[in-house]
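Input: a single structure, listed below in structure tokens.
The values are calculated or read from the model by the stated rules, or taken from the named source; none is laboratory data. Here the structure is a predicted model, which is why all the values come from computation and not from measurement. As a convention, Cβ positions derive from the backbone with ideal geometry for all residues, glycine included, and neighbour counts pool all protein chains shown.
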Amino acid sequence: MTEPGDQQDDPPDPGPEDWWLDAVVYQIYPRSFQDSSGDGVGDLPGIVDRLDYLCQTVGVDAIWLSPIYPSPGLDVGYDVADHRRVDPVFGTEADFDRLVAEAHRRGMRLILDLVMNHTSDRSAWFEASRQSRDNPYADWYLWRDPAGFGADGSPLPPNNWVSFFGGPGWTWEPRRGQFYQHTFLAQQPDLNWREPAVEAAQWAMVRGWLDRGVDGFRLDVFNAFLKHPDLPSNPEQPGSTAWTRQVHVHDRDQADFVELLDRFRALVDAEPGRITIGELFDGGPERAAAMTRGQHLVFDWELIAAPWSAGEFRATVERRERLFGPERRPTLVFSNHDQPRQASRFARSAGSDDVDAIAKAAAVLLVGLRGTPFLYYGEELGMVDVEIPPDEIVDPPARIAGPDFPWWNRDQCRTPMPWTGEPGAGFTTGRPWLRIGPDAARRNVAAEAADEGSVLATYRRLLEARRSVLALRRGSYESIDAGEDDVFAWRRVAPGSRAVVAVNFAGVDCRIRLPAGEARRVVAGTHLDPPAPDGDGVVTLRPFEGLILADG
Ligand code: GLC
């Protein structure tokens with residue numbers, strides 16, 4: 001057994017450095033993927049046991065793990081107490097090193113989630129910082145004197161900032177006689193990135209993970225790291241919640257953040273082939289494009305919010321293409337651990353209960369559009385949001401939601417992965433930390449792997465197509481007018497390879513005309529018997545049918 005951080009004598013070679021240009025990334029929410037210990041919580045040995053499923057049955061190239069660090073769990077892992085270690089609930093340090101080695105042995109890559117905007121209030125840094133105004137960590141967080149005192153003698157916060165998770169953005173610490181700032185829960189104090197020792201400590205932590213062979217990082221709410229140096233109040237505007245009634249010009253998106261990002265990339269670039277993905281905390285594709293560079297990608301919210309409409313999808317994709325240009329790589333994300341499941345969201349938007357058909361059509365979009373696809377665990381089964389009774393709610397903002405603070409309960413998209421139809425769904429032999437979806441007896445990996453017409457089998461065929469057609473991985477993008485409003489069609493072109501993709505967003509047949517004589521081979525689609533266009537390029541797509549044609 002190796003000690004944490006030990007280099008193996010002969011580490012497995014995960015493959016070429018430009019892997020990320022071809023990769024499909026699979027997001028694992030570790031608590032919910034596979035429990036190997038029977039405590040009802042997913043863990044790292046469980047993930048190791050499922051690597052063959054990921055690379056062979058589904059056919060993804062990289063995994064991104066939502067946080068695995070010690071955490072009091074108030075924001076279910078996004079409140080990190082120590083970024084350098086593995087939470088024992090997920091396994092040991094050696095389990096982590098084994099996961100990296102086993103992923104690499106299969107030619108897969110591993111991406112960690114770094115939550116560097118804030119820590120847990122239980123981190124050693126904050127525990128020290130809150131003690132006094134003159135300890136080595138005193139300036140590591142955003143401490144400010146009160147703006148004054150109210151009539152009853154209570155201290156008044158330094159400015160008008162509020163928390164994204166509801167309530168004030170400042171919490172009083174009597175020991176210092178000061179407030180500290182928090183963008184999220186009071187138990188998630190924001191770090192002071194303008195303090196050089198904070199940056200140095202973060203980079204040391206990042207280097208530690210790079211040394212352990214990690215292939216990349218997702219950066220949680222990265223454009224919020226830097227605040228305005230003077231912390232002025234945000235301007236106000238009309239809005240429906242305390243958060244939307246402010247224009248967030250001073251608590252994120254500072255001009256000098258670009259330099260911070262460059263310093264971070266320089267550190268990561270010291271190891272070849274490492275990618276990073278910044279999660280935009282709010283902000284559209286303009287900002288995403290501006291912050292995308294080389295091997296640093298950005299998550300924006302356009303596709304995750306897009307309604308099920310061919311016209312809207314086309315307009316969104318064209319806008320992103322204009323903003324990103326051919327050089328920068330967009331991300332393709334329809335769901336994640338904060339958002340509704342894509343099958344639920346799109347089916348609701350389409351006004352249809354044919355969840356499976358819509359899940360398959362969404363898969364064609366994810367695999368066929370230009371960009372790096374990110375697939376949230378369980379989407380390959382067509383998993384849907386699970387209703388959580390109020391007394392079982394875990395998501396902290398959902399527990400305080402009310403008319404003044406509407407919040408979508410994120411537990412609904414975080415339920416355990418159904419592997420089999422047995423009790424516990426093959427996820428756990430114990431009591432699952434969050435209830436398992438009521439459809440698990442039918443919608444599970446074992447059942448779908450045995451059914452050629454399932455959502456899982458469709459993903460497998462589509463990902464195979466992506467691997468075999470260069471244009472789908474690296475090609476340029478161009479819209480095609482197929483002569484029917486409900487069908488979104490486009491072409492992808494790479495040297496020696498060309499693909500044409502069409503998706504019918506309607507629940508009825510649509511007869512369309514694709515360019516004749518171009519991309520003639522039927523490669524894959526939502527259905528087991530995808531139709532071939534006739535000599536004039538005319539083809540009829542069935543309800544929610546997607547089709548991929550290629551040459552080369
Ligand atoms: C990001 C995470 C979310 C978390 C928040 C605060 O948006 O995706 O899950 O609650 O940051 O860390």
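Results for (1) within 16 Å of the ligand (Cβ to nearest atom); (2) part of a helix (DSSP H, G or I); (3) under 22 Å from Ala489 (Cα atoms), shown as yes or no for each residue.
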| position | (1), (2), (3) |
| --- | --- |
| Pro326 | no, no, yes |
| Arg329 | no, no, yes |
| Asp338 | yes, no, no |
| Ala343 | no, yes, yes |
| Ala347 | no, yes, yes |
| Asp353 | no, no, no |
| Ala359 | no, yes, yes |
| Val364 | no, yes, yes |
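Tallying residues that are farther than 19 Å from Phe299 by Cβ, within 16 Å of the ligand (Cβ to nearest atom) and in contact with a helix residue (DSSP H, G or I) (Cβ under 8 Å, 6 or more places away or on another chain) within the range 197-231 yields 0.
Before we move on, is Met1 more than 20 Å from Tyr459 (Cα to Cα), at pLDDT below 95, part of a loop (DSSP other than H, G, I, E, B) and of a type outside the set (D, E, K, R)? The answer is yes for Met1. Say whether the condition of being closer than 22 Å to Met205 by Cβ and small (Gly, Ala, Ser) is met by at least one residue in the range 29-43. So far as the range 29-43 goes, no, none of its residues is closer than 22 Å to Met205 by Cβ and small (Gly, Ala, Ser).
Just need a number here: residues in the range 526-552 that are of a type outside the set (Phe, Trp, Tyr) and at positive phi.
At the first step, the residues of the range 526-552 found to be of a type outside the set (Phe, Trp, Tyr) are 526-543, 545-552.
If we keep only those that are at positive phi too, we end up with 537, 552.
Count: 2.
Among the listed residues Ala289, Ala305, identify the single one that is of a type outside the set (S, T, N, Q) and within 16 Å of the ligand (Cβ to nearest atom). Just a single option satisfies the conditions, and that option is Ala305.
Residues that are within 12 Å of the ligand (Cβ to nearest atom) and without any contact (Cβ under 8 Å) to a residue 60 or more places away in the chain within the range 74-102 comprise Gly77, Val80, listed in sequence order. With respect to the conditions (1) surrounded by 14 or more Cβ atoms within 10 Å (Cβ to Cβ); (2) under 32 Å from the mean Cα position of the chain (by Cα), Pro495 lacks only one, and its number is (1).
Being in a loop (DSSP other than H, G, I, E, B) and surrounded by 14 or more Cβ atoms within 10 Å (Cβ to Cβ) narrows it down to one of Trp203, Trp209, Trp243, so name that one. Every option except Trp243 fails the conditions. Considering only residues in the range 166-187 that are touching a His at 6+ places or on another chain (Cβ under 7 Å) and within 14 Å of Ser129 (Cβ to Cβ), the one that is nearest to the ligand (Cβ to nearest atom) turns out to be His182. Once the range 402-415 is narrowed to residues that are surrounded by 16 or more Cβ atoms within 10 Å (Cβ to Cβ) and assigned to a loop (DSSP other than H, G, I, E, B), the residue that is nearest to the ligand (Cβ to nearest atom) is Arg414. For first residues located in the range 399-414 and among the acidic types (Asp, Glu), partners that are within 14 Å of the ligand (Cβ to nearest atom) and lie 6+ apart or on another chain with Cβ distances below 6 Å form the pairs Asp411/Val394; Asp411/Asp395.
Number of residues in the range 186-195 that are within 22 Å of the chain's Cα centre (by Cα) and surrounded by 23 or more Cβ atoms within 10 Å (Cβ to Cβ) equals 1. Could you check, for the range 148-165, whether at least one of its residues is within 27 Å of Ile28 (Cα to Cα), touching a helix residue (DSSP H, G or I) at 6+ places or on another chain (Cβ under 6 Å) and within 16 Å of the ligand (Cβ to nearest atom)? Yes, because at least one residue in the range 148-165 is within 27 Å of Ile28 (Cα to Cα), touching a helix residue (DSSP H, G or I) at 6+ places or on another chain (Cβ under 6 Å) and within 16 Å of the ligand (Cβ to nearest atom). Here is a check on your reading of the model: is Asp300 within 16 Å of the ligand (Cβ to nearest atom) and under 17 Å from Leu332 (Cβ atoms)? The answer is yes for Asp300.
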